[in-house]
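Q: Structure incoming, see below.
The values are calculated or read from the model by the stated rules, or taken from the named source; none is laboratory data. Please read all numbers here as calculations on a predicted model, not as lab measurements. As a convention, Cβ positions derive from the backbone with ideal geometry for all residues, glycine included, and neighbour counts pool all protein chains shown.
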Amino acid sequence: MYKFLTGIKSTGRPHLGNVIGVIYPTIFLTKLTKLTKLTKNVILIANLHSLTNLKSIKNNKNNAYKILAVWLACGIDYKQFLFYRQSDIPEVTELLWFFSIIYPYNRLKLVHSFKENVKKKQIINTGILTYPILMAADILISKAELVLVGKDQLQHLEIARKIAKKINNIIAKKIFPLPQAIVIEKLIPGTDGTKMSKTKNNIIDLFASKKEIKKQIMKIKTQKQFSHKKKELLKDNLYNIYRRLAGKEKKEKIKTKFQMGYEHAKEELYKLIINKFKRERNFYKYYIKRKNMLETIFKKGAKKMKQIVNSTIYEVRKAFECN
């Protein structure tokens, strides 16, 4: 019986990349439950991770509601999942401390995400350095065996595996399973051609107003001139976004629009998004107005999560002779 875990940081409402890359694959995996024995499903709202950017503090609580509302709007069956906010489980940060004791500081400095922040010459807070340790705590405290992650998070998952091995070896007992990655392959590029990210301001927000969605689409960077050649087409950012959303017949339609100019092609992408996600947009409006319902789902999830966490943290405290 496998335990499945995935999560999204509460830095804002999930964008198109999150929906295609995380939410829909998770729903698909749920439908395979009987075949894969995927029967314990956990979805984490990482509202402590988001605090490494201090600008996220102001809207942190409301962002968590927005994320849950999007999951529900996309058709997730919350009865099959355990939704919880990271901050509702304080034992996670306790586990972070135990893990930080056994994981070398020099190794953390080599993590890709940390080096990227250093390269940007941003002010580096301690939370950014220890981010992978907190992620390891999230994964291991639930004893997750399968974790849905992007390629950029594989290094973080490997850190979680190393920590699990080390603790298991220290006490000569298998407290933690070694989590395996389910890698997100279908990524939607951002409006600038790089990975879609709120911090880069290159997102398409499916749940924004139609006016705002059109504005975001019109910002998409394109090549100077359209080409029919497949190699050149695949370099075009607008075409790559469209082809990941459209069926085969519509891919031919966009080529015609490209010939008429990028403005026509962008208008076609806008129509596709509004029509394709009409149901999700309407359901989002329904759920986001019902915050009492969303809070109830979070509280029930935290209560169930506590039952899983209590046994795990007891074993770790005992291993470190702290109980």
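Every residue, every condition in (1) farther than 25 Å from Leu72 by Cβ; (2) at pLDDT below 75; (3) under 25 Å from the mean Cα position of the chain (by Cα); (4) not assigned by TED's automatic domain parsing to the domain that holds Arg13, yes or no:
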{"residue": "Phe226", "(1), (2), (3), (4)": "yes, yes, no, yes"}
{"residue": "Leu233", "(1), (2), (3), (4)": "yes, yes, no, yes"}
{"residue": "Glu249", "(1), (2), (3), (4)": "yes, yes, no, yes"}
{"residue": "Ile254", "(1), (2), (3), (4)": "yes, yes, no, yes"}
{"residue": "Gln259", "(1), (2), (3), (4)": "yes, yes, no, yes"}
{"residue": "Glu268", "(1), (2), (3), (4)": "yes, no, no, yes"}
{"residue": "Lys271", "(1), (2), (3), (4)": "yes, no, no, yes"}
{"residue": "Tyr286", "(1), (2), (3), (4)": "no, no, yes, no"}
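Q: Six or more apart or on different chains, Cβ under 7 Å: which pairs go from a residue in the stretch 16-28 that's surrounded by fewer than 22 Cβ atoms within 10 Å (Cβ to Cβ) to one that's part of a helix (DSSP H, G or I) and at pLDDT below 90? Could you list them?
A: Sorted first by the residue in the stretch 16-28, then by its partner, the pairs are Ile20/Arg244.
Q: I'd like to know if the stretch 89-104 contains one or more residues that are closer than 18 Å to Asn47 by Cβ, out of contact with any His (no Cβ under 7 Å at 6 or more places or on another chain) and hydroxyl-bearing (Ser, Thr, Tyr). Please lay out each step first, then the result.
A: So the first thing to find is which residues in the stretch 89-104 are closer than 18 Å to Asn47 by Cβ, and the list is 89-96.
Those left that are additionally out of contact with any His (no Cβ under 7 Å at 6 or more places or on another chain): 89-96.
Next, from what is left, pick out any that are hydroxyl-bearing (Ser, Thr, Tyr): 93.
Yes, that holds for at least one residue.
Q: While we're looking at this one, here's another question. Taking the condition in contact with a helix residue (DSSP H, G or I) (Cβ under 6 Å, 6 or more places away or on another chain), small (Gly, Ala, Ser) and in the same structural domain as Tyr314 (by TED's automatic domain parsing), does Gly127 pass? Walk me through it before giving the result.
A: On the way: in contact with a helix residue (DSSP H, G or I) (Cβ under 6 Å, 6 or more places away or on another chain): yes; small (Gly, Ala, Ser): yes; in the same structural domain as Tyr314 (by TED's automatic domain parsing): yes.
Here the answer is yes, as Gly127 does meet what is asked.
Q: A further question follows. Considering each of Leu148, Leu154 in turn, give the residue that is outside any helix (DSSP H, G or I), closer than 18 Å to His49 by Cβ and touching a residue at least 24 places away in the same chain (Cβ under 8 Å). I'd like the intermediate steps shown before the answer.
A: Working: Leu154 fails: outside any helix (DSSP H, G or I).
Just a single option satisfies the conditions, and that option is Leu148.
Q: Let me ask you something else. With Tyr270, Tyr284 as the choices, which residue is among the hydroxyl-bearing types (Ser, Thr, Tyr), within 18 Å of Lys66 (Cα to Cα) and assigned to a helix (DSSP H, G or I)? Before you say what the answer is, go through the steps one by one.
A: Numbers: Tyr270 fails: within 18 Å of Lys66 (Cα to Cα).
Of the residues listed, the single one that is among the hydroxyl-bearing types (Ser, Thr, Tyr), within 18 Å of Lys66 (Cα to Cα) and assigned to a helix (DSSP H, G or I) is Tyr284.
Q: Can you run down the residue pairs with Cβ atoms below 6 Å, 6 or more apart or on separate chains, where the first is in the stretch 288-306 and in contact (Cβ under 8 Å) with a residue 40 or more places away in the chain and the partner is surrounded by 14 or more Cβ atoms within 10 Å (Cβ to Cβ) and aromatic (Phe, Trp, Tyr)?
A: These pairs meet every condition: Lys291/Tyr65; Leu294/Tyr65; Ile297/Tyr78; Ile297/Phe83; Gly301/Phe83; Gly301/Tyr84; Ala302/Tyr84; Met305/Tyr84.
Q: Just checking, how many residues over the stretch 49-75 are among the hydroxyl-bearing types (Ser, Thr, Tyr) and at pLDDT 95 or above? Let's see the steps before the verdict.
A: Restricting attention to the stretch 49-75, the residues satisfying the condition of being among the hydroxyl-bearing types (Ser, Thr, Tyr) are 50, 52, 56, 65.
Now restrict to residues that are at pLDDT 95 or above: 65.
Counting residues in the stretch 49-75 that are among the hydroxyl-bearing types (Ser, Thr, Tyr) and at pLDDT 95 or above gives 1.
Q: Here are the criteria: (1) at positive phi; (2) crowded, with 16+ Cβ neighbours inside 10 Å; (3) small (Gly, Ala, Ser). Tell me which single one Gly75 does not satisfy.
A: (2)
Q: Oh, and also: Kindly list the number of the only condition in (1) at pLDDT below 85; (2) loosely packed, with under 14 Cβ neighbours inside 10 Å; (3) over 30 Å from Tyr314 (Cβ atoms) that fails for Lys173.
A: It is condition (3) that Lys173 fails.
Q: Consider Ile123 against the criteria (1) over 21 Å from the mean Cα position of the chain (by Cα); (2) at pLDDT below 90; (3) of a type outside the set (Phe, Trp, Tyr); (4) closer than 30 Å to Asn169 by Cα: it satisfies all of them except one. Which criterion is unmet?
A: Unmet for Ile123, out of (1) over 21 Å from the mean Cα position of the chain (by Cα); (2) at pLDDT below 90; (3) of a type outside the set (Phe, Trp, Tyr); (4) closer than 30 Å to Asn169 by Cα: (4).
Q: Name every residue in the stretch 194-224 that is in a helix (DSSP H, G or I), modelled with pLDDT of 85 or more and surrounded by fewer than 16 Cβ atoms within 10 Å (Cβ to Cβ), in order of residue number.
A: Applying the first criterion (in a helix (DSSP H, G or I)) to the stretch 194-224 yields 198-200, 210-218.
Next, only the ones that are modelled with pLDDT of 85 or more stay: 198, 200, 210-218.
Once the filter is applied, which keeps residues that are in a helix (DSSP H, G or I), modelled with pLDDT of 85 or more and surrounded by fewer than 16 Cβ atoms within 10 Å (Cβ to Cβ), the stretch 194-224 yields Lys200, Lys210, Lys211, Glu212, Lys215, Met218.
Q: Do we have any residue at all in the stretch 156-163 that's more than 16 Å from the chain's Cα centre (by Cα), in the same structural domain as Ser10 (by TED's automatic domain parsing) and under 27 Å from Asn240 (Cα atoms)?
A: So in the stretch 156-163, the residues more than 16 Å from the chain's Cα centre (by Cα) come out as 158-163.
Among the residues that remain, those that are also in the same structural domain as Ser10 (by TED's automatic domain parsing) are: 158-163.
Now narrow it down to the ones that are under 27 Å from Asn240 (Cα atoms): none.
No, the stretch 156-163 contains no residue that is more than 16 Å from the chain's Cα centre (by Cα), in the same structural domain as Ser10 (by TED's automatic domain parsing) and under 27 Å from Asn240 (Cα atoms).
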